[in-house]
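A short write-up of the structure that comes next.
The values are calculated or read from the model by the stated rules, or taken from the named source; none is laboratory data. Small disclaimer: the values here were computed from a predicted structure and weren't measured. A quick note on method: Cβ atoms are made from the backbone with ideal geometry, for glycine too, and the neighbour counts reach across all protein chains shown.
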Amino acid sequence: MTDPEEFPGAADAPVPRILGNTEALAATDPASTGALWRLAEPGRQLDANLIRIPPHGSIDAHAEPDLDVLLLVVAGDGTLGSAAGPSPVESGSLVWLPHGSVRSVTAGGSGLSYVTVHRRRPGMRIQGRPGA
């Protein structure tokens with residue numbers, strides 16, 4: 001049992017929890033591609049995904065105009081493409097993708113699995129017409 005004095009003010013606070021294991025998630029059926037896992041906890045301020053690209057597959061060049069993204073390779077290897085040229089990535093590579101940067105990702109021969117983390121986008125809101 002936890003000593004309440006060790007965590008003052010924690011009685012009504014959210015509790016940290018282990019959500020899974022990226023190694024185990026990335027080791028699921030190799031034919032699975034795309035988002036294998038998404039952070040879905042209510043009240044969160046972050047979005048996170050575990051993405052798998054099949055061997056020699058790719059995600060075409062694109063930019064995220066509003067959000068910085070942190071990418072952590074958890075399995076496989078591949079290439080990060082950018083205006084600075086190609087950069088090899090492998091398990092353990094930690095990549096910062098600044099907002100506005102144009103990038104592509106290409107998996108190597110064993111495929112590529114990575115986690116992305118970024119600030120959560122606000123939900124869509126319905127607003128009244130101006131002047132109404």
Based on this model, can you work out whether Ala83 counts as surrounded by 15 or more Cβ atoms within 10 Å (Cβ to Cβ) and either free of Cβ contacts under 8 Å to residues at least 24 places away in the same chain or under 19 Å from Ala35 (Cβ atoms) (or both)?
no
Being within 8 Å of the chain's Cα centre (by Cα) and farther than 14 Å from Arg120 by Cα is the filter here, so list the residues in the stretch 50-74 that pass it.
Leu50, Ile51, Leu71, Leu72
Please work out if Ala84 is over 11 Å from the mean Cα position of the chain (by Cα) and of a type in the set (A, V, I, L, M, F, W, C).
yes
Residues within the stretch 89-117 that are touching a residue at least 40 places away in the same chain (Cβ under 8 Å) and not hydrophobic (A, V, I, L, M, F, W, C), tallied
10
Please find, within the stretch 24-49, the residue that is nearest to Thr106 (Cα to Cα) out of those that are over 12 Å from the mean Cα position of the chain (by Cα) and touching a residue at least 24 places away in the same chain (Cβ under 8 Å).
Thr33
Here is a list of conditions, (1) exposed (fewer than 13 other Cβ atoms within 10 Å of the Cβ); (2) under 14 Å from His118 (Cβ atoms); (3) at pLDDT below 85; (4) within 13 Å of the chain's Cα centre (by Cα), and Trp96 meets all of them except one; can you say which number that is?
(3)
